[in-house]
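Shown next, in structure tokens, is the structure this report addresses.
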Amino acid sequence: MSEQTWKAFEVTIADRVAEVRLTGPGKGNAMGPDFWSELPVLFGQLDADPDVRAVVLTGSGKHFSYGLDLVAMGGTLATVLADGAQAGPRTEFLDSLRRLQNAITAVADCRKPVIAAVSGWCIGGGVDLISAADIRYASADARFSVREVKVGMVADVGSLARLPLILSDGHLRELALTGRDIDAARAEKIGLVNDVADDQDAVLALARATAAEIAANPPLVVHGIKAVLDHTRSAAVHDSLRYVAAWNSAFLPSKDLTEAITAVFEKRTPDFTGD
């Protein structure tokens with residue numbers, strides 16, 4: 001890899017394993033413009049680096065990620081929320097949304113297996129991100145939420161496309177339709193994570209051990225396993241991403257979305273009216 005300086009990540013490489021840490025700069029490693037622009041570049045470089053055979057993906061500080069940085073990404077939403085937004089602004093929003101989707105897809109498409117190590121909160125976009133990983137581990141304090149429904153949105157950058165390949169239909173619908181928070185024990189029970197470790201240090205150790213085990217295997221065979229496993233899934237994921245992007249470009253603007261975002265900043269419970 002190049003000696004590039006990242007704004008939203010810290011990257012270290014040792015013993016053929018890359019460790020990628022989310023660093024924000026938003027609170028709780030929230031996903032702002034730097035995250036979305038750097039993520040596909042970073043994973044493109046990891047994919048091409050012959051010295052990398054596996055990747056550990058984790059958060060800095062106590063949490064994995066609070067998800068989309070609503071403040072920093074407000075401009076993207078503003079294009080389609082403007083009164084009377086017509087075809088031009090909606091098309092611009094569609095293009096922006098596809099760029100976000102492609103950033104997460106870069107993680108899924110990386111030929112080097114990605115092991116997510118989750119501690120603390122993993123909300124919204126954080127779940128989109130770990131759904132693109134090959135293996136997911138959590139510490140006992142981890143909390144997960146497909147929370148977009150709570151802020152008046154259909155999750156649109158990967159969760160609803162990839163979680164059907166990970167969870168049973170009923171468990172996915174329960175998470176997506178309620179927006180409820182679940183703990184690590186529940187996440188393991190429904191198959192969202194492979195295993196739960198005692199604490200943050202332990203989950204990182206577990207992820208690093210698995211990455212090292214993978215890195216010791218023949219790299220071309222590992223690439224082949226990923227290619228074969230992903231072959232039948234890719235078309236369904238691609239179709240789902242295109243559909244939800246078109247859906248949100250048409251139907252995302254609503255009074256309920258404005259109310260949800262306003263309620264977040266005013267720290268109150270939103271009052272949804274269906275408008």
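The values are calculated or read from the model by the stated rules, or taken from the named source; none is laboratory data. Quick caveat, the model's predicted, so the values are computed rather than measured. Positions of Cβ are generated from backbone atoms using ideal geometry, with glycine treated the same way; all protein chains shown enter the neighbour counts. Surface areas here come from the heavy atoms of the whole protein model, side chains and all, with no ligands, DNA or RNA. Shrake-Rupley method; radii C 1.70, N 1.55, O 1.52, S 1.80 Å.
Whole-Hz Karplus values for region 179-193 come out as x, 6, 8, 10, 8, 5, 4, 5, 4, 5, 4, 8, x, 5, 10 Hz, taken residue by residue from phi with 6.51 cos²θ - 1.76 cosθ + 1.60 and θ = phi - 60°; glycine and proline positions read x. Reducing region 188-215 and region 19-74 to their Cα centroids gives an inter-centroid distance of 19 Å.
Using the Cβ-Cβ distance between L165 and D271 with R0 = 51 Å, the FRET efficiency computed as 1/(1 + (r/R0)^6) comes to roughly 0.90.
Between beta-carbons, use under 13 Å as the cut-off and find the net charge around R180, counting Lys and Arg +1, Asp and Glu -1.
+1
For the chain, the equivalent ellipsoid derived from the Cα gyration tensor has semi-axes of 30, 20, 18 Å, listed largest first. Note: relative contact order over the chain, using C-alpha pairs below 8 Å and six or more positions apart, is 18 percent. Note on V221 and R242: with the Förster distance fixed at 25 Å, the Cβ-Cβ geometry gives a FRET efficiency of about 0.20.
Each other residue within a Cβ distance under 14 Å of R111 adds +1 if Lys or Arg and -1 if Asp or Glu, for a net charge of -2. Taking the C-alpha atoms only, the angle from helix 255-266 to the longest principal axis of the chain is near 70 degrees. Within the chain, DSSP assigns beta bridges of which about 30% are antiparallel (rounded to the nearest 5). Here is the size of region 206-275 from its Cα atoms: Rg then Dmax, 21.5, 56 Å. Ordering I123, S139, A72 by the projection of their Cα atoms onto the charge dipole of region 70-169, which places +1 on the Cβ of Lys and Arg and -1 on the Cβ of Asp and Glu, puts S139 at the extreme positive end. The calculated FRET efficiency for the pair K189 and E92, based on their C-beta separation and a Förster distance of 45 Å, comes to about 0.60. Cross-link candidates for K255: which lysines have Cα within less than 21 Å, leaving aside residues fewer than 8 places away along the same chain? Filter leaves K150, K267. Dipole magnitude for the chain: computed about the Cα centre from +1 point charges on Lys and Arg Cβ and -1 point charges on Asp and Glu Cβ, it is near 260 debye.
Ordering V193, V222, L206 by the projection of their Cα atoms onto the charge dipole of region 172-227, which places +1 on the Cβ of Lys and Arg and -1 on the Cβ of Asp and Glu, puts V222 at the extreme positive end. Excluding same-chain neighbours fewer than eight residues apart, the lysines reachable from K226 by a Cα-Cα span under 26 Å are K112, K189.
Placing a label point 7 Å from the Cα of D47 along the Cα-to-Cβ direction, the residues of region 97-129 whose backbone N falls under 15 Å from that point are 99-114.
Calculated [222 nm] ellipticity per residue, helices only, for the chain: -16000 deg cm²/dmol; basis is -39500 (n - 2.57) per DSSP H run with n ≥ 4, divided by all residues, nearest 500. For the chain, the solvent-accessible area works out to 47 Å² per residue, with a probe of 1.4 Å and every protein chain left in place. Each pair of Cα atoms in region 19-60 enters the Kirkwood radius, and Stokes-Einstein at 25 °C and 0.890 mPa s then converts it into a translational diffusion coefficient of 222 µm²/s. For K62, go through the lysines and keep the ones whose alpha-carbon is under 17 Å away, minus same-chain ones fewer than eight residues off. Result set, ordered by chain and number: K27.
Local charge for A202 was computed over the other residues whose Cβ lies under 12 Å away, with Lys and Arg +1 and Asp and Glu -1, and equals -4.
Descending by average beta-carbon neighbour count within 10 Å, the peptides 110-123, 175-188, 31-44 line up as 110-123, 31-44, 175-188, the highest first. Length gained on full extension, D198 to K7, computed as 0.36 nm times the residue gap minus the Cα-Cα distance: 65.7 nm.
Close amide-amide hydrogen proximity is noted between A30 and Y66, each under 5 Å apart and 5 or more residues distant or on a separate chain (H modeled in the peptide plane; Pro and chain starts excluded).
For the chain, with all protein chains present and a 1.4 Å probe, just round the carbon and sulfur fraction of the accessible area to a whole percent. Carbon plus sulfur share of accessible area: 54 percent. Once backbone amide H atoms are built at 1.01 Å from N, V71 has no partners under 5 Å, excluding neighbours fewer than 5 places away on the same chain.
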